[in-house]
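Everything on this sheet refers to the single structure shown next.
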Amino acid sequence: MEICAIIPARSGSKGVPGKNIRPLCGHPMIAFSIVAALSCNKIKRVIVSTDSEEIARISKLYGAEVPFLRPPELSGDMSPALDYVSHAFKKMEEADSYRPDFMVMLLPTTPLRETHLIDQAITSLKESPDATGLRSVHELPEPPQKMMAIENGYLTGFFPDDPRPEYFNLPRQLFPTAYHPNGYVEIVRRDTLMDDGTLYGSRILGAVTPFSVEIDVPEDFDYLEYIAERFPHPLIQKLGPAMKTPCQT
């Protein structure tokens, strides 16, 4: 079975400009996903999908392949993952007839991973022939039924069909456990994408991981730096001393 990692890293982030190559613990953030993928026993190739020559150059420094650049129409804020993953499958087949069975997607915005959990997720999907894909999740402290919206200045619940009065004030233990997709590891089956035209299909295997910090705002970098100082992560040791890259000049 051919298994390839894809790391999507477009250049146009507005919330955190230059997010994918912004330094984290002395290395561009994308380096953590590249090194995690390269450290997995079950992954054969590590591909970065980007529209940026700068991100491509940095990714190659850390050992990833960048055999193509993603076109602008697949690199916008609203570009769906289905489109750039399909593009990657197509370009790899055109280049060298490479047809991976699994595409393991590692989002750069979830940089701190345990590589054995990635290998474990791959094994889980391989051993679950009825599953059409896999997504990682972590448990939420509160169920969605406890969340509120605001309409015309007044708080309201998201589940108006719940017959219980003020259901959102009930103890969380009365609701099913809720999970949040976290970008730790997501696996696309080639057959699912080609046959159904979807990323994960209708039977998505859930891989429960520890709580994972996702980079969405600049303050998340500071928090992860703090976590790394308190609890040294194996990926930081593998990355070694900070590398001089264009994003640090």
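The values are calculated or read from the model by the stated rules, or taken from the named source; none is laboratory data. Just so we're clear, the structure is a prediction, and the values are computed from it rather than from any experiment. Note: ideal-geometry Cβ built from the backbone for every residue, glycine included; neighbour counts use all protein chains shown.
Annotations for the structure displayed:
- Filter pass, VAL85 being in the same structural domain as MET194 (by TED's automatic domain parsing), under 15 Å from the mean Cα position of the chain (by Cα) and surrounded by 24 or more Cβ atoms within 10 Å (Cβ to Cβ): no
- Matching entry among ARG189, ARG203, ARG230, ARG164 (being surrounded by fewer than 14 Cβ atoms within 10 Å (Cβ to Cβ), within 23 Å of the chain's Cα centre (by Cα) and of a type outside the set (Gly, Ala, Ser)): ARG203
- Tally of residues being over 20 Å from PRO23 (Cβ atoms), touching a residue at least 40 places away in the same chain (Cβ under 8 Å) and among the charged types (D, E, K, R) across the range 47-72: 2
- In the set GLU151, GLU94, only one residue is at pLDDT 95 or above and among the acidic types (Asp, Glu); that residue is GLU151.
- Check on LEU74, under 27 Å from THR115 (Cα atoms) and of a type in the set (A, V, I, L, M): no
- When SER136 is tested against (1) in a strand (DSSP E or B); (2) out of contact with any Asp or Glu (no Cβ under 9 Å at 6 or more places or on another chain); (3) not aliphatic (A, V, I, L, M), only condition (2) is not met.
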